[in-house]
Amino acid sequence: MPIKGLTEKRSLARIGKIHLGIKQKGKGGNLYPTATDYFVVYEDGNTAPEIVAKFKALYGEKPKEIDIIFPVNDPEVFFPQWLKRYGNNRLLCKGDGETALETNTQTGEIRQIECKYRNCPYYQKGQCREVGNLLFYVQGIPEGVFQIDTSSINSIKKINTAIDIIKSANGGKIAGIPLKLALVPMKVLADGKYNKTVYILHLYQPNAAVNPPAADEEKDIEDIINEAMDEVENEDFTFPPEEEIDDVPEDLFPEEVQNDNSKYGPLEVTAVKGFFDKTGKTIYVASLSDTKGNQHTMVVPEEFKEMKNAIIKNYTLKETKVGNKQLEEVIDYEMVM
């Protein structure tokens, strides 16, 4: 006899993560995340060394395209998409734009609330974001599925469109069909001031009559700060709050930085913008979030433009004037990995 609530459930065996960026050293030797134009696989708690070896034997060190197969026909299984907010090593809220499940950090109680999406203060502070988890078999590695996490709205839209096209061309089926997954460039226009090339996920069926476009596209995106960069991985955006988490997601404020004695404690870089002052010098201003969710606007070094979602600690501040506004400026800092 089936067990209601268990027998009908299915779970894909995940054997590895494929990342969309690497961590590099900036000025002063600090590490910061940066997106790449190729897929990254390395040994960690998600990916065993023998799986890394198999992947690199098939695709090399810097593959821009891989051969994949989806295990099922239902996109909600192999490409779930949610609005998610994390904190203190756990998923705190997961929503669909209308309703959400929020966890009380004090009691652990889970309650259903209205999901306000872009009107939610957590979303506006950059603490909640759109997240897609793409699950697939890599051809030649049959042991289980790989996962790619993306919070790029452009990538999510493109993958959704490609899934519809492929299913339409194959009688509603997509499982078991050999497909290609690639990273392709997209030109974006930020605030009408500068062009930027980002890399987004591109899914297509080789030799199909119709393929989704893969060429460079130029867009004028109003909310470019949220959409422009394909986010470097945010670990394990997979598990809803009502399910047990089998491996801990990346903690934005890990324990070793909680004792940071800097003025505001550890800070997450949530947005960075550059502009010219009257002398023609480029000034970079960032919005940084503390552990309580408060936002702080500060003048920052140039390398911060590549450090969105990075955490800094043990920083030094000084008062500085930008135009007629008095701000604090980050003089030196340490990056938390």
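With θ taken as phi - 60° and the Karplus curve 6.51 cos²θ - 1.76 cosθ + 1.60 applied, the whole-hertz 3J(HN,Hα) list for segment 99-116 is 10, 8, 10, 10, 9, 6, 5, 8, 9, x, 5, 9, 10, 8, 10, 6, 9, 8 Hz, x standing for glycine and proline. A simple charge model with +1 on the Cβ of Lys and Arg, -1 on the Cβ of Asp and Glu and nothing else charged puts the dipole of segment 29-121 at about 320 debye relative to its Cα centre. Relative to one another, the C-alpha centroids of segment 292-337 and segment 41-117 are positioned 29 Å apart.
Taking packing as the residue-averaged number of other Cβ atoms within 10 angstrom, the listed peptides 164-170, 38-44, 131-137 run from highest to lowest as 131-137, 38-44, 164-170.
Sorting the segments 147-160, 275-288, 92-105 by their residues' average number of neighbouring beta-carbon atoms within 10 angstrom, most packed first, yields 147-160, 92-105, 275-288. Less than 5 angstrom separates the built amide H of LEU267 from those of ILE312, all sequence-distant by 5 or more or on a different chain. The H on the amide N of LEU317, modeled in the peptide plane, is under 5 Å from the matching H of ILE331, each at least 5 residues off or on a different chain. Counted over segment 255-336 with a bin width of 5 Å, the fraction of Cα pairs per bin, in whole percents, is 3, 15, 27, 27, 16, 7, 3, 1, 0.
Read-outs throughout are calculated quantities, based only on the coordinates presented, and are distinct from any laboratory measurement. Keep in mind the model is a prediction, meaning the values are calculated, not measured. Methodologically, a virtual Cβ is constructed for each residue, glycine included, from the backbone with ideal geometry; neighbour enumeration extends over all protein chains shown.
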